[in-house]
Amino acid sequence: MAIDPQLLAYYQRMSAHFAGAPAPVTPPERRARFEEVAALSQLPDPEGTTVSELVVPLAGRALAARLFRPAGIESPRLIVYFHGGGWVVGSPRTHHTVAALLAADTGCAVASVDYRLAPESPFPAPCDDATEAVQWFAEQRQALGLAPSFLAVAGDSAGAHLAAQAAAEVNAAASADVVKAQLLIYPVAAPVLTTESYRAFGEGVGLTHDEMHWFWTQFIGAEALARGADNTDARMYLMAAAPLRQPPASVVLVAANDVLRDDGLAYADFLVRHDAPVVTIEASGMTHGFARLQSEAPRAREWMRRAAEAFRAIADEE
């Protein structure tokens, strides 16, 4: 399927912008490059959006978070958001515009969490941070001036993986569902790099097979990655076991030109098989990372609006 021409123009500009610069290799180098790239596509916050910095105190550590409140809504519902970046790069800064637009589009407050990163903090540290952060926000909704009866999770790429496993963990540990809904944007679902979408788009723009192999290796190690579909830990392989509770209502958004397309479609099918209400959206013309590129391509912005509209619909039913 053809890639949106404005996205292709963006990738050409990035190629020219970094022409001659050494390719980042180490995790710190990759983080610095990702921060630089993301800053080039950041938009001003939607009018009336307020942004505040929070500290999430957890056992033995504290995580930073950035809370976005949409304009004109008293006690908004809450979405806890986890940024993408292969569990290795990224931050609430790199995904500031994604979270700000999501708050405006959904009418929900969005808490973007700065979880620990691999390889310095490999699996299960990012998963633990995600799960415990969701639990903390669930307990603090009223104190933060948010609607006490609703909580959702969201994320993109590796952040969507963290969001989905956190929702499953938090709900399984509670007497009643805490996480009511989830919005998963081109999620990573499995340490399996042999799907049709990996074969079709593994050398393309946005995210390559080799990059995803590197990210998985930093996160879980080469041995666990080699087990692939035989991995039995549902925090790594989201479909490794049947969920202990019915999964939350879900919107799963995938990019048509993305190595992770089949991850998202497979996970959507898994959710359906376990009785979750699911809306699956395949964004034609899009590549991995398009949620961060809403300033670069009107179609990217429109697909994110459609996903937010679908999320509002499922949230209103909860």
When the residues of segment 59-73 are filtered to those that are touching a residue at least 24 places away in the same chain (Cβ under 8 Å) and assigned to a loop (DSSP other than H, G, I, E, B), which remaining residue is surrounded by the fewest Cβ atoms within 10 Å (Cβ to Cβ)?
59
Out of 174, 147, 167, report the one residue that is in contact (Cβ under 8 Å) with a residue 12 or more places away in the chain and in contact with a helix residue (DSSP H, G or I) (Cβ under 9 Å, 6 or more places away or on another chain).
167
Residue that is surrounded by the most Cβ atoms within 10 Å (Cβ to Cβ), among those in segment 194-222 that are assigned to a loop (DSSP other than H, G, I, E, B) and in contact with a His (Cβ under 6 Å, 6 or more places away or on another chain):
207
Within segment 1-39, residues being within 21 Å of residue 285 (Cβ to Cβ), among the aliphatic types (A, V, I, L, M) and not in a helix (DSSP H, G or I) number 3
Where residue 56 falls short, out of the listed (1) over 18 Å from residue 287 (Cα atoms); (2) free of Cβ contacts under 8 Å to residues at least 24 places away in the same chain
(2)
Step by step: first the residues of segment 188-228, then only those that are touching a residue at least 60 places away in the same chain (Cβ under 8 Å) and touching a Phe, Trp or Tyr at 6+ places or on another chain (Cβ under 6 Å), then the one that is nearest to residue 254 (Cα to Cα). Which residue is that?
189
Among the residues of segment 226-236, the number that are surrounded by 18 or more Cβ atoms within 10 Å (Cβ to Cβ) and either at pLDDT below 95 or under 23 Å from residue 279 (Cβ atoms) (or both) is 2
Quickly run through segment 74-103 and pick out the residues that are within 24 Å of residue 148 (Cα to Cα), crowded, with 21+ Cβ neighbours inside 10 Å and of a type in the set (Gly, Ala, Ser).
99, 100, 103
Anything in segment 74-121 that is of a type in the set (D, E, K, R) and either farther than 29 Å from residue 217 by Cβ or free of Cβ contacts under 8 Å to residues at least 60 places away in the same chain (or both)? List them, or say none.
74, 77, 93, 105, 114, 116
Filtered residues of segment 94-120 (kept if in a loop (DSSP other than H, G, I, E, B) and of a type in the set (D, E, K, R))
116, 120
Before we move on, is residue 123 at pLDDT 95 or above, part of a helix (DSSP H, G or I) and either surrounded by fewer than 20 Cβ atoms within 10 Å (Cβ to Cβ) or touching a strand residue (DSSP E or B) at 6+ places or on another chain (Cβ under 8 Å) (or both)?
no
Residue 250, sole failed condition from (1) touching a Leu at 6+ places or on another chain (Cβ under 8 Å); (2) in a loop (DSSP other than H, G, I, E, B); (3) of a type in the set (S, T, N, Q); (4) closer than 24 Å to residue 172 by Cα
(2)
Taking the conditions exactly as written (crowded, with 21+ Cβ neighbours inside 10 Å, in contact with a helix residue (DSSP H, G or I) (Cβ under 7 Å, 6 or more places away or on another chain), closer than 23 Å to residue 263 by Cα and of a type in the set (Gly, Ala, Ser)), does residue 160 satisfy them or not?
no
Consider residue 50 against the criteria (1) touching a strand residue (DSSP E or B) at 6+ places or on another chain (Cβ under 6 Å); (2) touching a residue at least 24 places away in the same chain (Cβ under 8 Å); (3) surrounded by fewer than 14 Cβ atoms within 10 Å (Cβ to Cβ); (4) not hydrophobic (A, V, I, L, M, F, W, C): it satisfies all of them except one. Which criterion is unmet?
(2)
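The values are calculated or read from the model by the stated rules, or taken from the named source; none is laboratory data. Quick caveat: nothing in here was measured; it's all calculated off a predicted structure. Neighbour counts run over all protein chains shown; Cβ positions are idealised from the backbone, glycine included.
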